[in-house]
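Let me begin by presenting the structure, written as structure tokens, before commenting on it.
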Amino acid sequence: MSEVKITAETRSEFGKGAARRIRRENKVPGVLYGHGADPVHLTLPGHDLMMALKTSNALLALQLDGKTELAIPKAVQRDPLKGFIEHVDLLLVNRGEQVSVEIPVHAEGELAAGGNLLEHVLNALPVEAEATHIPEALTVSVEGLEAGASVLAKDITLPKGVTLAVDADTVVLQVLAAQAEEPAAEGTEASAEA
């Protein structure tokens, strides 16, 4: 995963009014915390942040007060209608540090014939990884799986240096048999109305 460089500014204004002024300037208010340090309130460029956060678990290299701080997004608040970023919480990380993150799980391949359905029990798998080597996604083959089959967390091949942060027997994907609708019997409606 590559680092995305973003220039951040510290802010001293807080509250709803200050946040609205920041957003009107196409910027995003945020907080940087971690490693026992006091939280730092930031203002980040809106477009650059939005582009960086298109990748889950993006590693941000924040240019802040003449030095570079590495951070990953911990919580992103978006406008429910328009989708723009309203606020972001960033977690300070160091190179070589292990962090807990959730990696999206993507299924590939065709299920066995018969109209089976694939259910994503977990859309993202909780793992621990080195902060500068967080995988973007995990791909799982479901080729030929029959109804009733499951893919467990321990069945997913993880990249080097990445470990599971959930029980190994946790179901991630499962194959369900398609359920056919029963045809409505004629005459049952007439007897129900009577």
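The values are calculated or read from the model by the stated rules, or taken from the named source; none is laboratory data. If you're wondering where the values come from, they're calculated on a predicted model, not measured in any experiment. Methodologically, a virtual Cβ is constructed for each residue, glycine included, from the backbone with ideal geometry; neighbour enumeration extends over all protein chains shown. Just the protein is used for accessible areas: all its heavy atoms, side chains included, with ligands, DNA and RNA removed. Shrake-Rupley method; radii C 1.70, N 1.55, O 1.52, S 1.80 Å.
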P(r) histogram, all alpha-carbon pairs of the stretch 60-165 included - 5 Å bins from 0, percent = 2, 10, 17, 16, 15, 14, 11, 8, 4, 2, 1, 0, 0
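What translational diffusion coefficient, to the nearest whole µm²/s, does the stretch 1-65 have by Stokes-Einstein, given a Kirkwood radius computed over alpha-carbon pairs, a temperature of 4 °C and 1.567 mPa s viscosity? Walk me through the numbers before you get to the answer.
Numbers: Rh = 12.5 Å.
The diffusion coefficient I find is 103 µm²/s.
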remark   = The answer for the stretch 1-59, accessible area per residue at 1.4 Å probe in Å², is 59 Å²
remark   = Place a point 7 Å from the Cα of Ser100 in the direction of its beta carbon; the residues of the stretch 54-89 whose amide N falls under 15 Å from it are 74-75
ask   = If you take the beta carbon distance between Ser141 and Gln179 as r and set R0 to 35 Å, what does 1/(1 + (r/R0)^6) give as a FRET efficiency, to the nearest 0.05?
value = 0.90
task = Just grab the label-to-label distance for His133 and Leu118, each label 7 Å out from Cα along the Cβ direction, in nm (one decimal).
result = 2.8 nm
key: the chain, accessible surface, carbon-and-sulfur percent (1.4 angstrom probe)   = 49 percent
DSSP bridge pairs, the chain: antiparallel proportion in percent, nearest 5 = 75 percent
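Where both residues lie in the stretch 1-96, what percent of DSSP beta bridges are antiparallel, nearest 5? Numbers along the way, then the final one.
Working: 22 of 31 bridges.
The antiparallel proportion sits near 70 percent.
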query = Ala18 to Glu86: extension gain in nm, 0.36 nm per residue of separation minus the Cα-Cα distance?
reply = 23.3 nm
message = Just to be sure I understand, if you calculate Rg and Dmax of the Cα atoms in Å for this structure, which of (1) 23.2, 82; (2) 17.8, 63; (3) 16.9, 61 do you get?
response = (1)
ask   = What is the Å³ per residue value for the convex hull set by the Cα atoms of the stretch 105-185?
value = 99 Å³
